[in-house]
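Sending over a structure as structure tokens; questions will come in a sec.
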Amino acid sequence: MKKTRVLIVDDSPTIRGIITRVLSADPEIEVVGTAGDPLEAREAIKTLSPDVITLDVEMPKMTGIEFLEKIMRLRPMPVIMVSTLTQAGAAISIEALELGAFDCVGKPAFEGLPEKVKAAARARVRPLGERGRVAERKRDYRPSNKLLAIGSSTGGVEALLTVLAAFPENCPPTLITQHMPPTFTASFAARLDRVCAPKVAEASDGAPILPGHIYLAPGGAAHLEVVGGVQPRCKLREGETVSGHRPSVDVLFTSVAEIYGRRSVGVILTGMGRDGAQGLKLMRDAGASTIGQDESSCVVYGMPRVAFEAGAVERQVSLSAICAAVLDLCAVEMRGAA
């Protein structure tokens with residue numbers, strides 16, 4: 001069995017030791033080296049050719065973000081960022097994920113790190129210059145009465161930025177469940193709000209679902225659902241994890257199927273696991289249009305693959321084409337146009 005070879009980069013000897021012990025306890029992982037700063041790490045990468053790097057965010061001589069950008073431009077490889085789960089750490093981690101980091105883990109728990117390292121070794125990593133291009137923003141867009149629901153996980157930060165950056169100001173009402181730690185989603189919503197024409201915010205309980213608004217499920221504490229009535233609204237529901245997650249994509253999609261049915265569009269993007277497949281199938285069975293990100297453009301072709309194999313995906317689309325596809329599905333039909 002070929003082991004996943006890991007290089008640990010952190011300025012703290014204590015943290016390097018902890019990560020080494022956490023990873024070495026997994027028989028499928030081999031820690032091939034450690035480095036105390038990016039300059040040491042650069043030489044270690046050349047010498048050891050690791051499969052995966054764990055990279056501290058705050059380091060001397062060069063920040064983790066600066067070093068990550070150099071890696072992704074010059075020698076793209078799977079990188080897992082190690083960060084404190086504070087608001088400041090979350091903002092930097094979102095920047096790292098946007099640059100192409102595979103995932104982030106928090107100090108000092110390092111929850112799920114061995115599994116993320118092994119998954120990272122199998123991920124598709126592309127240079128920064130080869131990422132999906134953002135589509136041109138549509139003018140004179142006329143949304144219909146459809147709702148758009150999106151589910152994503154690993155690789156989702158980059159994917160969502162690519163899809164949403166070209167949305168018009170009057171986009172269809174859009175709900176998103178992205179698997180993220182609790183402290184990250186506020187920073188991610190703020191980042192999306194800066195680069196997108198529509199209003200983007202963390203979903204709040206009872207918020208009316210309106211065109212021109214994008215609602216991001218808060219991480220960790222509750223599931224995001226749609227509830228009906230004269231004015232459909234967001235509902236944050238506490239409860240156990242579903243499909244291994246809270247918030248769960250399955251929960252969001254299931255509620256959309258029940259309330260909106262054929263007046264909805266479902267999209268499942270890159271991510272590990274199977275969350276979203278069951279709910280997307282319910283959406284399709286209820287008459288919704290459904291799209292899955294295709295294998296070649298996914299960082300991890302996990303969630304979209306399971307959904308496709310379950311018959312939940314009506315068609316698979318590359319990341320760069322998803323924006324145009326969903327906007328067309330959610331637009332007013334121009335009957336009698338030449």
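Consider Val299 carefully, then state whether it is under 25 Å from Arg122 (Cα atoms), touching a helix residue (DSSP H, G or I) at 6+ places or on another chain (Cβ under 9 Å) and surrounded by 15 or more Cβ atoms within 10 Å (Cβ to Cβ).
yes
Does any residue in the range 12-23 that is touching a residue at least 40 places away in the same chain (Cβ under 8 Å) come within less than 6 Å, Cβ to Cβ, of a residue that is buried (at least 18 other Cβ atoms within 10 Å of the Cβ) and of a type in the set (A, V, I, L, M, F, W, C) six or more places away or on a different chain, and which pairs are these?
What qualifies is Ile19/Ile8; Val22/Phe110; Val22/Leu113; Leu23/Val6; Leu23/Ile29; Leu23/Val31.
Does the range 281-300 hold any residues that are assigned to a strand (DSSP E or B), more than 18 Å from Leu97 (Cβ to Cβ) and under 17 Å from the mean Cα position of the chain (by Cα), and which are they?
The first filter runs over the range 281-300 and keeps only residues assigned to a strand (DSSP E or B), leaving 289-293.
Then drop every residue that is not more than 18 Å from Leu97 (Cβ to Cβ), which leaves 289-292.
Matches in the range 281-300: Ile291, Gly292.
Find the strands (runs of 3 or more DSSP E) located wholly in the range 1-117 whose residues include 3 or more that are out of contact with any Gly (no Cβ under 7 Å at 6 or more places or on another chain) and farther than 27 Å from Gly219 by Cβ, and list them.
Working: elements: 4-9, 29-35, 52-56, 79-84, 103-107.
Hits in the range 1-117: 29-35.
Restricting to the range 91-112, give me the number of residues that are small (Gly, Ala, Ser) and on the phi > 0 side of the Ramachandran plot.
Here is the first cut: in the range 91-112, the residues small (Gly, Ala, Ser) are 91, 93, 96, 100-101, 106, 109, 112.
From what is left, the residues that are on the phi > 0 side of the Ramachandran plot are 100, 112.
The total comes to 2.
Could I ask something else about it? Any residue in the range 250-264 that is in a strand (DSSP E or B) and under 22 Å from the mean Cα position of the chain (by Cα)? I'd like the intermediate steps shown before the answer.
Restricting attention to the range 250-264, the residues satisfying the condition of being in a strand (DSSP E or B) are 264.
Of the ones still in play, those that are also under 22 Å from the mean Cα position of the chain (by Cα) are 264.
Yes: one or more hits.
Which members of the range 166-180 meet the condition of being surrounded by fewer than 24 Cβ atoms within 10 Å (Cβ to Cβ) and touching a residue at least 60 places away in the same chain (Cβ under 8 Å)?
Within the range 166-180, Ala166, Pro168 meet the criteria.
Further question: Those residues that are hydroxyl-bearing (Ser, Thr, Tyr), surrounded by 23 or more Cβ atoms within 10 Å (Cβ to Cβ) and in contact with a Lys or Arg (Cβ under 9 Å, 6 or more places away or on another chain), I need them from the range 55-104; list them, please.
In the first step, residues of the range 55-104 are kept if they are hydroxyl-bearing (Ser, Thr, Tyr); the result is 63, 83-84, 86, 93.
With the extra rule that they be surrounded by 23 or more Cβ atoms within 10 Å (Cβ to Cβ), the set shrinks to 83, 93.
Listed by number, the list holds a single entry, Ser83.
Also, I was wondering about something else. Buried (at least 22 other Cβ atoms within 10 Å of the Cβ) and in the same structural domain as Val105 (by TED's automatic domain parsing): is that true of Pro13 in this structure? Even if it seems obvious, please write down each step before you answer.
Values: buried (at least 22 other Cβ atoms within 10 Å of the Cβ): no; in the same structural domain as Val105 (by TED's automatic domain parsing): yes.
Taking the combined requirement at face value, the residue does not satisfy it.
Would you mind stating whether Arg75 is among the charged types (D, E, K, R) and modelled with pLDDT of 80 or more?
On the way: among the charged types (D, E, K, R): yes; modelled with pLDDT of 80 or more: yes.
For Arg75, the condition - among the charged types (D, E, K, R) and modelled with pLDDT of 80 or more - is met.
Scan (1) surrounded by fewer than 20 Cβ atoms within 10 Å (Cβ to Cβ); (2) modelled with pLDDT under 95; (3) closer than 30 Å to Ala121 by Cβ for the single condition Thr183 breaks and write down its number.
That leaves (1) as the condition not met.
Checking Ala123 against (1) under 23 Å from Ile322 (Cβ atoms); (2) in contact with a Ser or Thr (Cβ under 8 Å, 6 or more places away or on another chain); (3) modelled with pLDDT of 95 or more, which single condition isn't satisfied?
The one condition Ala123 does not meet is (3).
Can you find, within the range 223-249, the residue that is surrounded by the fewest Cβ atoms within 10 Å (Cβ to Cβ) among those that are touching a residue at least 60 places away in the same chain (Cβ under 8 Å) and under 17 Å from the mean Cα position of the chain (by Cα)?
Taking the range 223-249 first, the residues touching a residue at least 60 places away in the same chain (Cβ under 8 Å) are 226, 232, 245, 247-249.
Now drop any that are not under 17 Å from the mean Cα position of the chain (by Cα), which leaves 245, 247-249.
Working: His245: 21, Pro247: 30, Ser248: 26, Val249: 36.
So the residue we want is His245.
The values are calculated or read from the model by the stated rules, or taken from the named source; none is laboratory data. Small disclaimer: the values here were computed from a predicted structure and weren't measured. A quick note on method: Cβ atoms are made from the backbone with ideal geometry, for glycine too, and the neighbour counts reach across all protein chains shown.
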